[in-house]
Amino acid sequence: MRLGLRISLEKAEDIRVVGEAGDGLEALAKVEALSPDVVVMDLGLPKMDGLEATARIRGQEGAPRVLVLTSYDDEHKVLAALRAGAEAYCLKDLSEERLAAAVRAVHQGTVWLDGAVARHVLDRRLDSGEAQLRVDAAQAGVLSEREQEVLQLLGEGLSNQEIAEKLIISLATVKTHVRHILQRLDVEDRAQAVIQALHRGLLKLG
């Protein structure tokens, strides 16, 4: 798995793999020794699981960003990983091109939630009768129509610049919308905004 992942990532000319780890404790040591920009983390690690390793890594000063790559598509795992500080959650069947794109997005500070994961989480909520939690943000007075559009694109993994280009607005305007979204959802960063959006049914992914 590790060898295959390394080969896949290094096919991208702008991505360099600087180290590998076989368990959570080794991952912490490698991060401290190598200071990578992005850590690709599995959840099912021996000695220390990926959730704890992610939380410890993200708790460090100048911490690298964490992209979770796992076979678990359980809603609780997804939300737990994001709460631990992961900026991305992807399944292992992700294509090489999409994985490289996710690494780039995370490196740029963008939240990346694999579309398959998002659909699964939302399907689980619908199946469990939580569809009633879906709220029209505009009618509820939580977010403006434009803020909903920006939130939707955040959930799809777009950077601020990409959102600006897609909506044909300035980068400064996008940053203002993102700041308002964080304030109105009472969260501190984009990852938490995505979590809240999933909880409230504000994202329409897939």
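The values are calculated or read from the model by the stated rules, or taken from the named source; none is laboratory data. As the structure is a prediction and not an experimental result, all values here were calculated from the model. Because the Cβ atoms are built from the backbone with ideal geometry, glycine has one as well, and the counts that use them run over all protein chains shown.
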From the list ILE163, ILE169, which residue is outside any helix (DSSP H, G or I) and at pLDDT 90 or above? ILE169
Could you tell me how many of the residues in region 141-170 are closer than 20 Å to GLU87 by Cβ and surrounded by fewer than 14 Cβ atoms within 10 Å (Cβ to Cβ)? 1
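Yes/no per residue for (1) out of contact with any Gly (no Cβ under 9 Å at 6 or more places or on another chain); (2) over 21 Å from TRP112 (Cα atoms):
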position: GLU10; (1), (2): yes, no
position: VAL18; (1), (2): yes, yes
position: ASP23; (1), (2): yes, yes
position: LEU43; (1), (2): no, no
